[in-house]
Amino acid sequence: MVGETVSVEQVNPTQIDLQVDDRGDRLDRWLSEQLPDISRSRLQKLIEEGNVELNGSVCSSKKIKVHKGDRLHLTIPTPQPLDLQPEAIPLDILYEDEHLIIINKAANLVVHPAPGHETGTLVHALLYHCQNLAGIGGVQRPGIVHRLDKDTTGAIVVAKTDFAHQHLQAQIKAKTARREYWGIVYGSPNNTEATINLPVGRHRVDRKKMAVVPVEKGGREAITHWQVLERLGNYSLLEFILGTGRTHQIRVHCSHSGHPLVGDPLYSSGRSLGLNLTGQALHARKLSLQHPVSGKLIEAIAPLPTEFTKLLNVLRQRSSV
């Protein structure tokens, strides 16, 4: 048919036949264009696992180029059952529909299972709250689009479908999703606003930490925009906007600039305010994104946790004396 680029026949829920009716492209890119409901990363995994055949032969590389007339056969395995038990952990829900859910994550809550945190994670709570997350975005991290550190509180979005997962991750990558954080740091920066553009990578000695690392030595581009919201004597309340989303990015950039986050157990050199803080004073206050189906703008604002508010009030009282 004129204008058609692909012939698709869904033989059954796990088998898909395709025929290339255009000039083709690299295998994973072409499949991603024809099957927008399946994420590109998932398609690449299907290729790696031998679930894609080209003209009757198993494809072993995502870089193979397909040409007009080629026929492809995909086998999509039934999502692997999660070896995780749902847990009735309370969730503070900021927004939810059949496509996604936005949570106000509490402190001391790990996002996904990891060594030392096999139970009691946000994923376990989501499996209890949502019935159909298995297989979305990976077996151990169903629906997770982005992360927050264990003791960082605030807004985090989770996809309920593969399409929503792919769409939301693309927004994060393209920087069209806006992530705004509030944090309390030591000291008072000279400027009222600035941008930190320093690559971040794994610390060469302490593997639990990240650090500013040159790109040629494994660091990855990391951009943090910040501005002072309030000066509190020897402390400051800052707003951060992420230009990228590296592990511990805000925490590393603050520490490197000489203004580490209050209560940060890794990057604040053991400084103490005399308050029993759960962890770093960092809160993902606002998350703005485009709904993957309706296209409407969603703005979720996570109220400041009690501990953060208490710290602010103490610092305001001290600075006013």
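The values are calculated or read from the model by the stated rules, or taken from the named source; none is laboratory data. All of these numbers come straight from a predicted model, not from anything done at the bench. Backbone-built Cβ (ideal geometry, glycine too); neighbour counts: all protein chains shown.
Restricting attention to the stretch 297-315 and to residues that are closer than 17 Å to L261 by Cα and in contact (Cβ under 8 Å) with a residue 60 or more places away in the chain, the residue that is surrounded by the most Cβ atoms within 10 Å (Cβ to Cβ) turns out to be F308.
Restricting to the stretch 210-245, give me the number of residues that are among the small types (G, A, S), farther than 17 Å from N190 by Cβ and surrounded by 15 or more Cβ atoms within 10 Å (Cβ to Cβ).
Initial filter on the stretch 210-245 (among the small types (G, A, S)): 211, 218-219, 222, 233, 236, 243, 245.
From what's left, farther than 17 Å from N190 by Cβ: 211, 218-219, 222, 243, 245.
Cutting the leftovers down to surrounded by 15 or more Cβ atoms within 10 Å (Cβ to Cβ) gives us 211, 219, 222, 243, 245.
So the count comes out to 5.
Whether any residue in the stretch 109-116 is out of contact with any helix residue (DSSP H, G or I) (no Cβ under 9 Å at 6 or more places or on another chain), at pLDDT 80 or above, part of a loop (DSSP other than H, G, I, E, B) and in the same structural domain as H129 (by TED's automatic domain parsing) is what I want to check. Explain how you work it out, then say what you get.
Narrowing the stretch 109-116 to residues out of contact with any helix residue (DSSP H, G or I) (no Cβ under 9 Å at 6 or more places or on another chain): 114-116.
Keeping just the survivors that are at pLDDT 80 or above gives 116.
Narrowing the set further to residues that are part of a loop (DSSP other than H, G, I, E, B) leaves 116.
Checking which are in the same structural domain as H129 (by TED's automatic domain parsing) leaves us with 116.
Looking through the stretch 109-116, at least one residue is out of contact with any helix residue (DSSP H, G or I) (no Cβ under 9 Å at 6 or more places or on another chain), at pLDDT 80 or above, part of a loop (DSSP other than H, G, I, E, B) and in the same structural domain as H129 (by TED's automatic domain parsing).
Where strands (runs of 3 or more DSSP E) fall wholly inside the stretch 151-217, the ranges with 2 or more residues that are in contact (Cβ under 8 Å) with a residue 40 or more places away in the chain and under 26 Å from L315 (Cα atoms) are 153-159, 178-186, 193-197.
Give the number of residues within the stretch 78-130 that are closer than 25 Å to V293 by Cβ and small (G, A, S). Of the residues in that region, 1 qualify.
Would you please name the residue that is nearest to L168 (Cα to Cα), looking only at residues in the stretch 30-44 that are modelled with pLDDT of 85 or more and not aliphatic (A, V, I, L, M)?
Keep residues of the stretch 30-44 that are modelled with pLDDT of 85 or more, which gives 30-31, 43-44.
Checking the rest, the ones that are also not aliphatic (A, V, I, L, M) come to 30, 44.
Values: W30: 20, Q44: 18 Å.
The residue in question is Q44.
Of all residues in the stretch 72-79, none satisfies being of a type in the set (V, I, T), part of a loop (DSSP other than H, G, I, E, B), in contact (Cβ under 8 Å) with a residue 24 or more places away in the chain and touching a strand residue (DSSP E or B) at 6+ places or on another chain (Cβ under 6 Å).
Within the stretch 91-103, one or more residues are more than 24 Å from A170 (Cα to Cα) and either in a loop (DSSP other than H, G, I, E, B) or at pLDDT 85 or above (or both).
Yes/no per residue for (1) closer than 13 Å to T152 by Cα; (2) among the acidic types (D, E); (3) in the same structural domain as T161 (by TED's automatic domain parsing); (4) in a loop (DSSP other than H, G, I, E, B):
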position: Q227; (1), (2), (3), (4): no, no, yes, no
position: R231; (1), (2), (3), (4): no, no, yes, no
position: I250; (1), (2), (3), (4): yes, no, yes, no
position: S268; (1), (2), (3), (4): no, no, yes, yes
position: L275; (1), (2), (3), (4): no, no, yes, yes
position: S294; (1), (2), (3), (4): no, no, yes, yes
position: E299; (1), (2), (3), (4): no, yes, yes, no
